[in-house]
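K.L.:
Let me begin by handing over the structure; questions about it come next.
The values are calculated or read from the model by the stated rules, or taken from the named source; none is laboratory data. Nothing here was measured: the structure is a model prediction, and the numbers come from that model. Every residue, glycine among them, receives a Cβ derived from its backbone with ideal geometry; neighbour counts consider all protein chains shown. For accessibility, only protein heavy atoms count, side chains too; no ligands or nucleic acids. Shrake-Rupley method; radii C 1.70, N 1.55, O 1.52, S 1.80 Å.
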Amino acid sequence: MKRVFLIVLDSFGIGQMPDSAAFGDVGVNTLASCAASPLLNIPNMIDAGLANIDGVSCLSKAVSPTGAYARLAEASMGKDTTIGHWEIAGLVSPEPLPTYPNGFPEEILAPFRAATGRGVLANAPWSGTEVIEKYGQQHMQTGDLIVYTSADSVFQIAAHEDIVPPEQLYEYCRIARKLLVGKHGVGRVIARPFVGAPGSFKRTANRHDFSLEPPADTLLDAVKNAGLDSIGVGKIYDIFAGRGTTEHVYNHSNADGMAHTLHYAHRPFHGLCFVNLVDFDMNFGHRRDVDGYAMALSEFDAWLPNLLEMLTEEDVVMLTADHGCDPAYQATTDHTREYVPLLVLGKRIAPVNLGTRKSFADIAATVAEMLGIPLSTPGKSFAQEVLK
């Protein structure tokens, strides 16, 4: 194959894993929750085989699926963006990244305050929208930074763009990233700029992630080292700490990311186009907006034929996810530990059931084999099962 489009529908889980309860998640199922919404209309993914995947019972199955399909288990000990994407790219993380249910210790905050010259507000797990409503006015009055976390391995800094311009906020995040290493090596430091007035604060599209560097080479490194194109769309560049891409572009929305993907589909590149569409997670999953999530899936599904009609005989599209974020789960507003779907589409792809796979890393092994490049990964390739 010449071109692989690997698209991550961020947080699109399809049901709890056997160990979900150990992660605090019981009965979670992002897809089933969205299927309960009258706004869900995803005929193209259903035709591709989404409803035929092991364990999916909330949708009517396709009689003759157009793609290969599978259910992927997460082998890594986590349910966050960083670990999920690393596993998709071939790295399994046997140990979870550190989390801070009681906030960050002084051994982190003291040098952070000293280096930034600003105080810290919140310092606890919070919903991103709720924390700026709670502390936004105080932040604007004092200039102190809103520092918070979640159930995930993240250090998040929120600041009003009129008080701390985005570039200055990014510099504060770089300071935090340098401090958060070793036992405090969180997966991501996240800039969370917002605008507006008290009572009507709104987060902007100027979010920026500063990720922990992967501990070993990933699929992206392998593609780049082979002299092929390794293109990151959306958060991909940030998730992999800038490693392994030959070029990248950020998204301001799912629609923006889909437009970028079509732009690259028009180009005769050779290699990988790795896409993250984060609105599912950020705007709907965490905000527990079932109808919004369903609508976003419907919009993606309506767009999908635009990409498929541009494929040549040497192209393949893979759709998957990095974790769940069940929009109907009320126990928390955080990610949920779930299986994720895999749909494989292309002119040379046989419509086969790949069953339940043991790791997201099977994707990396398969892409590497399809592109004819070496990659060391615990994943198992399914290339020979799907290629006609």
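K.L.:
What angle, in degrees between 0 and 90 and rounded to the nearest 10, separates the Cα long axis of helix 254-265 from the longest principal axis of the Cα atoms of the chain?
P.N.:
50
K.L.:
Next question. Modelling each spin label as a point 7 Å along the Cα-to-Cβ direction, I'd like the residue 60/residue 306 distance in nm, to one decimal.
P.N.:
Using points 7 Å along Cα→Cβ, the separation is 2.7 nm.
K.L.:
Quick one: which residues, 5 or more positions from residue 229 or on another chain, have an amide H under 5 Å from its amide H? H modelled 1.01 Å from N in the peptide plane, none for Pro or chain starts.
P.N.:
Amide H to amide H, under 5 Å and 5 or more residues apart or across chains, residue 229 pairs with 270, 271, 272.
K.L.:
Please work out the average accessible area per residue across the range 229-388, using the 1.4 Å probe convention, and give it in Å².
P.N.:
That works out to 35 Å² for each residue.
K.L.:
Out of residues 5 or more away from residue 248 or on other chains, whose amide H comes under 5 Å of its own, with H placed 1.01 Å from N in the peptide plane?
P.N.:
HN-HN under 5 Å from residue 248: 232.
K.L.:
Next question, about the same structure. Please list the equivalent ellipsoid semi-axes of the range 97-247, computed as the square roots of five times the alpha-carbon gyration tensor eigenvalues, in descending order and whole angstrom.
P.N.:
29, 18, 13
K.L.:
Another question, if that's okay. Tell me the Rg and the Dmax, in Å, that the Cα atoms of the range 114-170 produce.
P.N.:
Gyration radius and largest Cα-Cα distance of the range 114-170: 10.7, 29 Å.
K.L.:
Can you pull the percent of Cα pairs in the range 67-112 with separation above 16 Å?
P.N.:
54
K.L.:
For the range 84-185, what value does the Rg/Rh ratio take when both radii are computed over Cα atoms and Rh is the Kirkwood radius, given to two decimals?
P.N.:
Result: Rg/Rh = 0.99.
K.L.:
Can you list the aspartates and glutamates whose alpha carbon is less than 20 Å from that of residue 224, not counting same-chain residues fewer than 8 positions off?
P.N.:
Answer for residue 224, where 20 Å is the Cα cut-off: 87, 213, 238, 247, 314, 315, 362, 369, listed by chain and number.
K.L.:
So for the pair residue 270, residue 289, with labels modelled 7 Å out along Cα→Cβ, what separation do we get in nm?
P.N.:
For residue 270 paired with residue 289, the spin-label model returns 4.3 nm.
K.L.:
Ignoring ligands, DNA and RNA, please state the percent of accessible area on the chain from carbon and sulfur, probe 1.4 Å.
P.N.:
Of the solvent-accessible surface of the chain, carbon and sulfur hold 52 percent.
K.L.:
For labels at residue 36 and residue 204 in the simple 7 Å Cα→Cβ model, what's the distance in nm?
P.N.:
3.7
K.L.:
Note the angle between two axes, namely the Cα long axis of helix 128-142 and the longest principal axis of the Cα atoms of the chain, as a number of degrees from 0 to 90, rounded to the nearest 10.
P.N.:
Roughly 30 degrees, rounded to the nearest 10.
K.L.:
Give the Kirkwood hydrodynamic radius (Å, one decimal) of the range 142-194, defined as one over the mean of 1/r across all pairs of different Cα atoms.
P.N.:
11.3
K.L.:
Where Rh is the Kirkwood radius over the Cα pairs of the range 197-258, the temperature 4 °C and the viscosity 1.567 mPa s, what D in µm²/s does Stokes-Einstein return?
P.N.:
Stokes-Einstein gives a translational diffusion coefficient of 99 µm²/s.
K.L.:
Which one, [x] 124; [y] 177; [z] 141, gives volume of the Cα convex hull per residue in Å³ as derived from the coordinates shown?
P.N.:
Read-out taken from this structure: [x].
K.L.:
Quick one: 3J(HN,Hα) in Hz for the range 313-330, Karplus 6.51/-1.76/1.60 with θ = phi - 60°, rounded, Gly and Pro as x.
P.N.:
5, 9, 10, 9, 10, 10, 10, 7, 8, 10, 4, x, 7, 4, x, 9, 7, 9
K.L.:
Using a Förster distance of 35 Å, how high is the FRET efficiency between residue 142 and residue 255, based on the Cβ-Cβ distance and rounded to 0.05?
P.N.:
Once the sixth-power term is evaluated, E becomes 0.40.
K.L.:
Relative to the longest principal Cα axis of the chain, at what angle does helix 290-308 sit, 0 to 90 degrees, rounded to 10?
P.N.:
50
K.L.:
Mind ordering 130-143, 5-18 by average Cβ neighbours within 10 Å, highest first?
P.N.:
So the peptides 130-143, 5-18, ranked by packing, come out 5-18, 130-143.
K.L.:
Right, next: About its Cα centre, what dipole magnitude does the range 31-87 give when the only charges are +1 on Lys and Arg Cβ and -1 on Asp and Glu Cβ, stated in debye to the nearest 20?
P.N.:
Magnitude of the dipole: close to 160 debye.
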